[in-house]
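Each remark here refers to the structure printed beneath this line.
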Amino acid sequence: TYIVNENCINCKYTDCVEVCPVDCFYEGENMLVIHPDECIDCGVCEPECPPEAILPDSEPEATKWLDLNRDMSEIWPNIGQKIDEMPNAKAAESETGKFDKYFT
Ligand code: SF4
Ligand code: F3S
């Protein structure tokens, strides 16, 4: 599976949503997650994300985000269509430590 990490927080470009063939993205207030059981591992979303928030779970740094993606995708609503990015998305792209600061 692929997962979304904290780089998505306060960006939400949703270019990923537009290309996903199985609509397995779920939308929180300031980030998206992938449902790990619905993702078919096609990989097309990964290069579409400007802040590089999408990784295969085979990457060591993806491990800590897998549970978050699973848990939140059970709670948050599905998103099947691209929406406007968040107001300060560009500035938020390079910010670090966003999970601790902003995750809601
Ligand atoms: Fe969707 Fe493919 Fe990305 Fe999985 S890897 S979230 S199926 S676009
Ligand atoms: Fe987030 Fe990147 Fe998608 S910023 S909404 S994972 S394109």
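Computed quantities for the displayed model
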| read-out | value |
| --- | --- |
| From the options E61, E95, E38, residue that is among the acidic types (D, E), assigned to a helix (DSSP H, G or I), more than 9 Å from ligand 2 (Cβ to nearest atom) and over 12 Å from the mean Cα position of the chain (by Cα) | E61 |
| Some residue of segment 17-33 being of a type in the set (D, E), away from ligand 2 (no atom under 11 Å from the Cβ) and within 14 Å of F99 (Cα to Cα) | yes |
| Unique match (being without any contact (Cβ under 8 Å) to a residue 60 or more places away in the chain and over 19 Å from T104 (Cβ atoms)) among D37, D15 | D37 |
| Matching option when the condition is free of Cβ contacts under 8 Å to residues at least 60 places away in the same chain and of a type in the set (D, E), among E52, E6, E29 | E52 |
| Sole residue being in contact with a Leu (Cβ under 6 Å, 6 or more places away or on another chain) and modelled with pLDDT of 95 or more, chosen from D15, D41, D57, D67 | D57 |
| Enumeration of residues in segment 42-54 that are within 10 Å of ligand 1 (Cβ to nearest atom) and of a type in the set (A, V, I, L, M, F, W, C) | C42, V44, C45, C49, I54 |
| In segment 49-58, the residues that are under 13 Å from Y2 (Cα atoms) and either within 13 Å of ligand 2 (Cβ to nearest atom) or not in a loop (DSSP other than H, G, I, E, B) (or both) | C49, E52, A53, I54, L55, P56 |
| Residue match in segment 64-78 (condition: surrounded by fewer than 16 Cβ atoms within 10 Å (Cβ to Cβ), within 17 Å of C16 (Cα to Cα) and without any contact (Cβ under 8 Å) to a residue 12 or more places away in the chain) | no |
| Members of segment 1-32 that are outside any loop (DSSP other than H, G, I, E, B) and touching a strand residue (DSSP E or B) at 6+ places or on another chain (Cβ under 9 Å) | Y2, I3, V4, N7, C8, C16, V17, F25, Y26, E27, L32 |
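The values are calculated or read from the model by the stated rules, or taken from the named source; none is laboratory data. Worth saying up front: this structure is predicted, and the values here are computed from it rather than measured. Using ideal geometry, Cβ is built from the backbone for each residue, glycine included, and neighbour counts are taken over all protein chains shown.
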